[in-house]
Amino acid sequence: MNEDRQTLTEVFKIVDLNDQDALALGLLGYSATKLYNTANWDRKEAWKETGKIPACSKQKRELKTNRWYRALHSQTAQAVLEELDRGYKSWYALRKEHKKSRPPGFRRKDSLSTLTFKQRAFDVTQSHVRISIPKKVYGKNSLYLKYGARPGVKIVNPKTLQLTERKGEWSAHVTYEVPVLYSRQECVMAGDLGEKYLIATVCTDGSAALYPGGELRSLDRYFSKVSAKCRHPWSKRNVSFKQKWSRKRNYLLHCISKAVVSDAKARGVSHIVMGYPKDIRDDMQWGRVANRRMHAWPFKKLIAMLTYKAALSGIQVVLIDERGTSSKCSVCGYRDRSGRTTRGWWRCPRCKVAMQADINGAANILNEYLLQEGRTVPPIWSSGRLARPAVNRFVWGDPRPDDHEAGTAHALVV
């Protein structure tokens, strides 16, 4: 087995916060907001006068004497300036295509910004978090914050700490690394990403599975209609709806990716090969509705979730270009765009084999990977007879089935 490292983030709620520590955290968050706005104002003025954006390193040197910079730990102040710099780089890249795009705006004066601490500026124990603060401003070097730890979670060698405030409550986001041991077994699983079916998987043991995306499309359709009824895009009601929308999407994607990894682990899979739809959104003109749905397709987020979940199970995720896999027969290799007779069905004009279209694409991805690795394609589907795919339906809270929990993906063989 090969040893590697995987980065994880644990979120803990700060509990039993006394008035003095709450005031100190509020002042730190307020100072970070003021520093962000000060640096942003300097950048906007420099852009108006010279047409150039000041470098982040230059702002770090010039703002060292600023009162808001000195009210923060040096690492925290630098993290605020680095966050602003990333926003300007993103805007500058977007401006090349969209001239009317706007640079990062100012933060509300009453908002409390995220506080970032790197190594040597914080410590994490089993019950407390210690953060370093300027003694000249607060009269002490450190703050000790108690957090509610989850059972079984042990933080070893933490890398960064972020303190965020939401509705008067603070939470700690701790990033740390854990060792990963990748398996060397021979079984391989391939996955084809899509919109109707989020993932279609085929394994070298002959099994196949489908993970429908109907719940995700229904969720996007509902919240987009609710959001469109709001008069102002930045109203509290609209922002609240979008936050709820994002939480539900992430939860659904987490459940789907967890189900895929669990199935792969149960089958002794060592590699999950995912077809990556490279440049699929570039220069597309499929109509207003289709373009909007394609831009909302979260394939990158789903791949990222699969990657780190699989790594924790000792499974390595490999990305290959999926170009041409949907128009090729996985049995005889004949390529024909008309083979996909409907959106979900493939029929080869040459060998007359018929199967689910996404399963055919996943089988092509698996064949291509095995050939690249110098391995022989297994004769499981040489006759075109794959196992019937197990359709894993996601259920939010339907109480009718008794064999699954609410908000999980369970298999239903059809």
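Table: residues versus (1) within 26 Å of the chain's Cα centre (by Cα); (2) farther than 23 Å from Leu145 by Cα; (3) surrounded by 12 or more Cβ atoms within 10 Å (Cβ to Cβ).
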| residue | (1), (2), (3) |
| --- | --- |
| Gly26 | no, no, yes |
| Lys34 | no, yes, yes |
| Ala46 | no, yes, yes |
| Gln59 | no, yes, yes |
| Glu97 | yes, yes, no |
| Leu115 | yes, no, yes |
* To do: Tell me which of these Trp91 doesn't satisfy, since it passes every other one: (1) in contact with a helix residue (DSSP H, G or I) (Cβ under 9 Å, 6 or more places away or on another chain); (2) modelled with pLDDT under 95; (3) part of a helix (DSSP H, G or I).
  => (1)
* Structure fact -> (1) modelled with pLDDT of 80 or more; (2) more than 31 Å from the chain's Cα centre (by Cα) all hold for Ala387 apart from (1)
* Can you tell me how many residues in region 308-329 are of a type outside the set (Ser, Thr, Tyr), open to solvent by 30 Å² or more (accessible area, probe 1.4 Å) and farther than 18 Å from Glu373 by Cα? -> 4
* To do: Kindly indicate whether any position in region 70-81 is open to solvent by less than 60 Å² (accessible area, probe 1.4 Å), without any contact (Cβ under 8 Å) to a residue 60 or more places away in the chain and under 22 Å from Asn18 (Cα atoms).
  => no
* Hey, can you tell me all the residues within region 257-271 that are out of contact with any Lys or Arg (no Cβ under 7 Å at 6 or more places or on another chain), farther than 17 Å from Leu370 by Cβ and among the aliphatic types (A, V, I, L, M)? => Ala259, Val260, Ala266
* **Residues of region 56-73 satisfying the condition of being under 15 Å from Ala46 (Cα atoms), assigned to a helix (DSSP H, G or I) and of a type in the set (A, V, I, L, M, F, W, C)** => Cys56
* To do: Could you tell me whether Trp346 is modelled with pLDDT under 80, among the aromatic types (Phe, Trp, Tyr), under 20 Å from Cys203 (Cα atoms) and not in a helix (DSSP H, G or I)?
  => yes
* To do: Determine which member of the set Val178, Val188 is farther than 25 Å from Arg393 by Cβ, touching a Phe, Trp or Tyr at 6+ places or on another chain (Cβ under 9 Å) and in contact (Cβ under 8 Å) with a residue 60 or more places away in the chain.
  => Val188
* Asked: In region 255-272, what count of residues is obtained for those that are farther than 15 Å from Ser313 by Cα and open to solvent by less than 10 Å² (accessible area, probe 1.4 Å)?
  -> 1
* So Val178 clears everything in (1) modelled with pLDDT under 85; (2) within 21 Å of the chain's Cα centre (by Cα) except one condition, right? Which one? -> (1)
* Asked: Do we find a residue being of a type outside the set (Lys, Arg), surrounded by 13 or more Cβ atoms within 10 Å (Cβ to Cβ) and at pLDDT 80 or above anywhere in region 278-297?
  -> no
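When you check Glu165 against the structure, is it more than 30 Å from Asp263 (Cα to Cα), in contact with a Leu (Cβ under 7 Å, 6 or more places away or on another chain), open to solvent by 40 Å² or more (accessible area, probe 1.4 Å) and at pLDDT 90 or above, yes or no? Give the derivation first.
Details: more than 30 Å from Asp263 (Cα to Cα): yes; in contact with a Leu (Cβ under 7 Å, 6 or more places away or on another chain): yes; open to solvent by 40 Å² or more (accessible area, probe 1.4 Å): yes; at pLDDT 90 or above: yes.
Yes; evaluated as a whole, the condition is true for this residue.
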* Considering only region 146-162, state which residues are part of a strand (DSSP E or B), under 15 Å from Phe12 (Cα atoms), open to solvent by less than 70 Å² (accessible area, probe 1.4 Å) and touching a residue at least 40 places away in the same chain (Cβ under 8 Å). => Tyr147, Gly148, Thr160, Leu161
* Just one of Ser111, Ser74, Ser101 is more than 30 Å from Lys154 (Cβ to Cβ) and out of contact with any Lys or Arg (no Cβ under 6 Å at 6 or more places or on another chain); which is it? -> Ser111
* To do: Answer with yes or no whether Leu143 is crowded, with 16+ Cβ neighbours inside 10 Å, hydrophobic (A, V, I, L, M, F, W, C) and under 30 Å from Lys44 (Cα atoms).
  => no
* **Long-range neighbours under 7 Å by Cβ, at least six apart or interchain, first residue touching a residue at least 40 places away in the same chain (Cβ under 8 Å) within region 7-32, second open to solvent by 20 Å² or more (accessible area, probe 1.4 Å) and small (Gly, Ala, Ser)** => Val11/Ser171; Phe12/Gly148; Phe12/Ala149; Phe12/Ser171; Lys13/Gly148; Lys13/Ser171; Ile14/Ser171; Val15/Gly148
* Within region 168-184, track down each residue that is exposed (fewer than 13 other Cβ atoms within 10 Å of the Cβ) and not in a strand (DSSP E or B). => Gly168, Arg184
* Inspect all residues belonging to region 139-146 and state whether any of them is in contact with a Phe, Trp or Tyr (Cβ under 8 Å, 6 or more places away or on another chain), among the small types (Gly, Ala, Ser) and more than 30 Å from Pro389 (Cα to Cα). => no
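The values are calculated or read from the model by the stated rules, or taken from the named source; none is laboratory data. Note that the coordinates shown come from a computational prediction; the quantities given were computed from them, not determined experimentally. Neighbour counts run over all protein chains shown; Cβ positions are idealised from the backbone, glycine included. Note: accessible area is taken over every heavy atom of the protein model, side chains too, but ligands, DNA and RNA are not part of it. Shrake-Rupley method; radii C 1.70, N 1.55, O 1.52, S 1.80 Å.
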